[in-house]
1. Which whole-Hz couplings ³J(HN,Hα) result when phi for each residue of the range 90-95 is put into the Karplus expression 6.51 cos²θ - 1.76 cosθ + 1.60, θ = phi - 60°, listed in order with x for Gly and Pro?
2. Quick one: what are the phi-derived ³J(HN,Hα) couplings along the range 14-27, Karplus 6.51/-1.76/1.60 with θ = phi - 60°, whole Hz, x for glycine and proline?
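Bear in mind these aren't lab numbers, they're just calculated from the coordinates by the rules spelled out. This one's a predicted model, so the numbers in the text were calculated from it and none came from an experiment.
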Amino acid sequence: TFLLDLPSELKQRGIHPAFHAHLLRLHVPNDDRRFPGRQLQQVSDIGTPEEWSVSRISDHHGVGTDAIFKVVYTTGDHVWLPYHVVSHLEALGQYLEALGVPGIKHL
C-alpha cells in the first residue's frame, strides 16, 4: 500500500490517500491539446461525502475488531473497510442485529 500526497481539495472531498500497489501506474503528464479539462480545478463534480451515504453493510471477513466490512453506498458502489472506519455507522448496528450478534466482540 502506498500513501499519496493528495491536494487538500481531494482530501476535503473524502478521497483516501492510501492505494494498493496494483492500482498505481507511472505518471504520464496530460497533453492539454489532446485531452483538455483534466486539471483538478476543472473537475467540477466528483461528488461530496453527503452524496456517498451508506446504504447498508452486506458482508464481512474476519472476527471482532479485526474484521473488514463490505459497505454498500446508496449509489450502488461498495468498498471493504476495517472496523475502526465503520464502527460509528448505524448500518453496522443493523448488520450485527441482522446476524443476531449482540456486539462486535461476538462476531
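1. 3J(HN,Hα) across the range 90-95, in whole Hz: 4, 4, 5, x, 5, 5.
2. Coupling constants for the range 14-27: x, 6, 7, x, 9, 9, 5, 4, 6, 8, 8, 9, 5, 6 Hz.
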